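The structure appears right after this line, and notes come after that.
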Amino acid sequence: MNIPQDTILRIREKFPILDREVYGRRLVYLDNAATSQTPRQVVETVDNMYYHTKANVHRGVHTLSQEATDMQEHTRRRVKEYINARSIEEIVFTRGTTEAINLVASSYGQAFLHDGDEIILTVMEHHADIVPWQLLQNRVKIKINVVPITPDGQLDLDVYRSLFNNRTRLVAFTHVSNVLGTVNPAKEIIAIAHDHGAHALVDGAQGVPHLKVDVQDLDADFYVFSSHKMYGPTGVGVLYGRRELLEKMPPYQGGGEMISHVSFEGTTFAELPFKFEAGTPDFVDIAAFNSAIDFIEETGMDIIAGQEHILLDHTTRRLVDEIPGIRIFGTAPDKSAVISFLLENAHHYDTGMLLDKLGIAVRTGHHCAQPLMTALGIEGTVRASFAVYNTIEEADAFVDALKRVNQILS
Ligand code: PMP
């Protein structure tokens with residue numbers, strides 16, 4: 001795909017933060033897998049809401065409350081369409097991916113899992129898709145089975161198939177690895193789960209920002225993601241859940257908004273999706289999330305994914321050709337724009353710190369994937385991750401800076 005430079009420069013203009021300097025140099029922001037930057041139109045929606053429309057949602061007859069409610073519910077409809085859910089009842093707003101998985105582990109765990117049942121996770125899961133299931137083990141004695149990876153960082157599907165037995169109830173896996181970049185064959189993984197009578201949860205935190213996701217086509221039972229990784233505001237996430245399942249699941253938290261009637265004799269709960277949305281939601285950011293989806297749709301997922309792949313290919317080629325001894329973790333053929341690596345003689349932390357001094361923002365550490373680090377036999381990596389507003393010049397600045405860092409540290 002050929003994307004004119006002008007197209008990317010016009011996109012960049014929407015992100016004022018990209019003009020800032022770090023240590024006297026123009027920032028090169030390559031930490032997009034942790035959080036992406038936010039275009040002006042999203043910030044303006046937040047501003048406008050605080051200046052003109054801030055009122056609590058769902059509880060007021062007055063105009064501001066109705067407008068705020070309309071904005072929040074408009075985003076819900078938009079998300080439903082964006083991921084092709086069947087109905088708005090299937091879209092639950094959470095604080096993020098982490099809260100969405102905790103909700104499912106707790107509530108689905110209570111409704112569907114019993115002592116002796118088994119679930120399947122993968123070794124490349126983010127802690128957000130490991131720890132909630134371990135916490136559930138304090139309440140229900142489930143066994144957790146783990147799918148390993150092949151040397152290039154793909155899930156070993158033969159082992160995956162072999163992990164099922166008649167107690168397997170759920171498979172929970174990441175759509176795209178935040179460390180390796182591997183795009184997992186979600187549709188196939190879900191179909192295998194369903195063939196064995198198990199449900200499937202997809203951690204889409206790194207999926208939705210880079211791929212067009214259709215939850216009906218995937219046939220996912222749960223699909224979860226965070227707005228802040230898709231050019232949107234912080235504090236908002238989505239749990240998509242198949243309606244039949246959500247209906248059978250008990251509330252995760254209790255409080256206002258999620259009830260139908262409360263008395264000390266007993267309480268009845270609100271309909272979906274409100275049953276899962278106790279308390280005042282982050283309605284300002286939910287409203288602004290709509291503007292982030294505007295941005296993605298105006299830009300086009302083909303341009304977003306296209307530019308990210310141009311950057312991934314260009315940078316990977318240069319790193320391999322020009323930095324002797326560099327180890328890149330994750331070389332699957334279907335890979336998103338994440339490059340995790342180690343220099344031959346340098347600690348990941350030192351590499352990241354020196355890159356920062358040269359104006360390059362990358363992430364270092366275990367990336368909340370310690371079991372994966374253990375499987376790879378390392379403590380951490382340096383991770384550069386791209387978004388649509390990154391340019392080839394920035395990729396080159398990164399590689400040139402890394403060559404300098406390599407000389408200093410070796
Ligand atoms: N899963 C994956 C694959 C992630 O990359 C992240 C964010 N690093 C999360 C879950 C957690 O997302 P959040 O912190 O927005 O809840």
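How do the pairs read when you match residues in the stretch 328-349 that are in contact (Cβ under 8 Å) with a residue 60 or more places away in the chain with residues anywhere that are among the acidic types (Asp, Glu) and open to solvent by 10 Å² or more (accessible area, probe 1.4 Å), using Cβ under 6 Å and keeping only pairs 6 or more apart or on different chains?
Thr331/Asp152; Ala332/Asp152
Which residue, of His194, His175, His199, is in contact (Cβ under 8 Å) with a residue 24 or more places away in the chain, within 12 Å of the ligand (Cβ to nearest atom) and open to solvent by 10 Å² or more (accessible area, probe 1.4 Å)?
His175
Would you point out which residue out of Ala68, Ala55, Ala105 is more than 30 Å from Asn178 (Cα to Cα), without any contact (Cβ under 8 Å) to a residue 60 or more places away in the chain and open to solvent by less than 70 Å² (accessible area, probe 1.4 Å)?
On the way: Ala68 fails: without any contact (Cβ under 8 Å) to a residue 60 or more places away in the chain; Ala105 fails: more than 30 Å from Asn178 (Cα to Cα).
Going through Ala68, Ala55, Ala105 in turn, the sole match is Ala55.
Report yes if Gln110 is modelled with pLDDT of 95 or more, within 23 Å of Ala205 (Cβ to Cβ) and open to solvent by 60 Å² or more (accessible area, probe 1.4 Å), otherwise no.
So Gln110 fails the test.
Which ones in the stretch 80-96 are assigned to a helix (DSSP H, G or I) and open to solvent by 10 Å² or more (accessible area, probe 1.4 Å)? Write out each step before concluding.
Here is the first cut: in the stretch 80-96, the residues assigned to a helix (DSSP H, G or I) are 80-82, 88-90.
Scanning the stretch 80-96 gives Lys80, Glu81, Tyr82, Ile88, Glu89.
Cβ-Cβ under 6 Å, sequence separation 6+ or interchain: first residue in the stretch 124-139 and over 9 Å from Asn102 (Cβ atoms) and of a type outside the set (A, V, I, L, M, F, W, C), partner assigned to a helix (DSSP H, G or I) and near the ligand (Cβ under 8 Å from one of its atoms). Which pairs?
Taking only residues 6 or more apart or on different chains, the pairs are Asp129/Ile101.
Looking at the stretch 132-139, can you tell me whether even one residue there is within 16 Å of the ligand (Cβ to nearest atom), open to solvent by 10 Å² or more (accessible area, probe 1.4 Å), among the hydrophobic types (A, V, I, L, M, F, W, C) and under 26 Å from Ser107 (Cβ atoms)?
yes
Conditions (1) more than 25 Å from His367 (Cβ to Cβ); (2) assigned to a loop (DSSP other than H, G, I, E, B); (3) modelled with pLDDT of 95 or more, marked per residue:
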{"site": "Asp6", "(1), (2), (3)": "yes, no, yes"}
{"site": "Ile11", "(1), (2), (3)": "yes, no, yes"}
{"site": "Thr35", "(1), (2), (3)": "no, yes, yes"}
{"site": "His52", "(1), (2), (3)": "yes, no, yes"}
{"site": "Arg59", "(1), (2), (3)": "yes, yes, no"}
{"site": "Leu64", "(1), (2), (3)": "yes, no, yes"}
{"site": "Ala68", "(1), (2), (3)": "yes, no, yes"}
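Only one residue in Ala332, Ala292, Ala287, Ala305 is more than 17 Å from Asp396 (Cα to Cα), of a type in the set (A, V, I, L, M, F, W, C) and not in a helix (DSSP H, G or I). Which one?
Testing whether each residue is more than 17 Å from Asp396 (Cα to Cα), of a type in the set (A, V, I, L, M, F, W, C) and not in a helix (DSSP H, G or I) leaves just Ala332.
β-branched (Val, Ile, Thr), over 30 Å from Val146 (Cα atoms) and open to solvent by 40 Å² or more (accessible area, probe 1.4 Å) - does that describe any residue in the stretch 322-339?
no
Looking at the stretch 353-368, which of its residues are in contact (Cβ under 8 Å) with a residue 24 or more places away in the chain and either under 13 Å from Val28 (Cβ atoms) or within 16 Å of the ligand (Cβ to nearest atom) (or both)?
Passing the criteria: Leu355, Asp356, Lys357, Leu358, Gly359, Ile360, Ala361, Val362, Arg363, His367, Cys368.
Pick out the one residue from Leu311, Leu402, Leu372 that is within 16 Å of the ligand (Cβ to nearest atom), within 18 Å of Ala33 (Cβ to Cβ) and in a helix (DSSP H, G or I).
Leu372
Can you confirm whether Thr38 is open to solvent by 20 Å² or more (accessible area, probe 1.4 Å), closer than 30 Å to Glu67 by Cβ, within 16 Å of the ligand (Cβ to nearest atom) and of a type in the set (Val, Ile, Thr)? Give the derivation first.
Working: open to solvent by 20 Å² or more (accessible area, probe 1.4 Å): yes; closer than 30 Å to Glu67 by Cβ: yes; within 16 Å of the ligand (Cβ to nearest atom): yes; of a type in the set (Val, Ile, Thr): yes.
Yes; evaluated as a whole, the condition is true for this residue.
The values are calculated or read from the model by the stated rules, or taken from the named source; none is laboratory data. Values in this document were obtained by computation on a predicted structure and should not be read as measured data. Virtual Cβ from ideal backbone geometry, glycine too; neighbours counted across all protein chains shown. Surface areas here come from the heavy atoms of the whole protein model, side chains and all, with no ligands, DNA or RNA. Shrake-Rupley method; radii C 1.70, N 1.55, O 1.52, S 1.80 Å.
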